[in-house]
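Have a look at the structure below, then the notes.
The values are calculated or read from the model by the stated rules, or taken from the named source; none is laboratory data. Just so we're clear, the structure is a prediction, and the values are computed from it rather than from any experiment. Heads up, the Cβs are rebuilt from the backbone with ideal geometry, glycines too, and the neighbour counts pull from every protein chain shown.
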C-alpha cells in the first residue's frame, strides 16, 4: 500500500497485513523484539542490494518492525507498508512489519516527529546506516533529532572508507564523532576484524610465547579492507600499550583469506593465516573458521545493546598515525 505518511493509517495497514501474513501459521506469530530503522542514501530496489540479503538472513530468526527511510528528493514524501513471515521450528510465524518512507522535498520523511509514532515503545530501537559516510552526512540532522529514540547505531566503516587514501587520518575521527552522537555505536568493519584479533591473541596464549610479547616489533597484514586493517593495528597497539611498526601490504576481503606476520626481536616470526576455505594456521596449529556474513553480523548486533569496551578503548587510544 502507498500512502501519505500518516502513522495512524500505517498502523491500521500493518495490522491488516499482519493478520493476512500470519494466518497460515496455526500456532500463532511471535511478537516483535525490536524496531530497526534503516537510513538509505539511494535506490534500494536492486536484487543484489546487500541490505536485502542481510534482512533475508534475519527473516525467520527474529520478528521485527523494519522502517526504511530513503532519500526521495524530487518528489513528495510517501510511505509503503508491507509484511512477510517465515515459520520457526514451532511453526510460528516470524514476521517483519515493513514500512518504507521516501523522504521527499517537503522534509516530512526526514523529520523523526513524523515517523516516531511507528517506533514500538518499550522495545530496543536500532538504527542502521549501511551506505557509508555519505549516508551518515545525509541523515546527520535526522539522527541528531532522533538520538533519544535510538539505543544503538550500526555503521560499516569498510563502506564508509573503501580505500586507504579515504581511511588515512579520517576513519577514527569519523567513528569518534559518530559515537559521540549516539548512546551506542557498532561497526561492521570492527566485527569482521574479530578473526584478526582473536587469532593474534591466541598466538601468544602458550606460556612459552608470552615472554615474546614485549619483543614484538612490527606487524604486516595481507588482506582485509583499509578500515579493517586500521582498526586491527590500533587494537594491537592498544593491547601492547606502545607503538609498533605496521604495514597493510595488500587489500582484499577477509573472507578471501589473510595473513599476518608479527616480527619478534631475537625470535622467529609469528605467522597467522587463513585461506579462502577457512583454514587457520598459527605456526603448526591448524583449525577451521567460517567468516560471518553481513546478515550474521547484523543478527548479533540486534541481539545485544551491550557496549563493547575493547572497541571503545581502540577508538580512544592515541599513538602513531594510522597506517
Quiz item: If we scan the range 269-291, do we find a residue that is buried (at least 17 other Cβ atoms within 10 Å of the Cβ) and at pLDDT 95 or above?
Solution: no
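Considering each of 114, 133, 79 in turn, give the residue that is outside any helix (DSSP H, G or I), assigned by TED's automatic domain parsing to the domain that holds residue 37 and either over 23 Å from the mean Cα position of the chain (by Cα) or in contact (Cβ under 8 Å) with a residue 40 or more places away in the chain (or both).
Values: 114 fails: outside any helix (DSSP H, G or I); 133 fails: outside any helix (DSSP H, G or I).
Checking each option against the conditions leaves just 79.
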Practice problem: Answer yes if at least one residue in the range 155-165 is more than 13 Å from the chain's Cα centre (by Cα), assigned by TED's automatic domain parsing to the domain that holds residue 77 and assigned to a loop (DSSP other than H, G, I, E, B), and no otherwise. | Solution: no
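Mind telling me which of the residues 47, 24 ends up being at pLDDT below 75 and either outside the structural domain of residue 8 (by TED's automatic domain parsing) or within 24 Å of the chain's Cα centre (by Cα) (or both)? Give the steps one after another, and end with the answer.
Working: 24 fails: either outside the structural domain of residue 8 (by TED's automatic domain parsing) or within 24 Å of the chain's Cα centre (by Cα) (or both).
Of 47, 24, the one residue that is at pLDDT below 75 and either outside the structural domain of residue 8 (by TED's automatic domain parsing) or within 24 Å of the chain's Cα centre (by Cα) (or both) is 47.
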Quiz item: Residues in the range 64-75: is at least one surrounded by fewer than 17 Cβ atoms within 10 Å (Cβ to Cβ), at pLDDT below 90, touching a strand residue (DSSP E or B) at 6+ places or on another chain (Cβ under 8 Å) and in a loop (DSSP other than H, G, I, E, B)?
Solution: yes
Quiz item: Does residue 127 qualify as being closer than 15 Å to residue 150 by Cβ, in contact (Cβ under 8 Å) with a residue 60 or more places away in the chain, assigned to a strand (DSSP E or B) and in contact with a helix residue (DSSP H, G or I) (Cβ under 8 Å, 6 or more places away or on another chain)?
Solution: yes
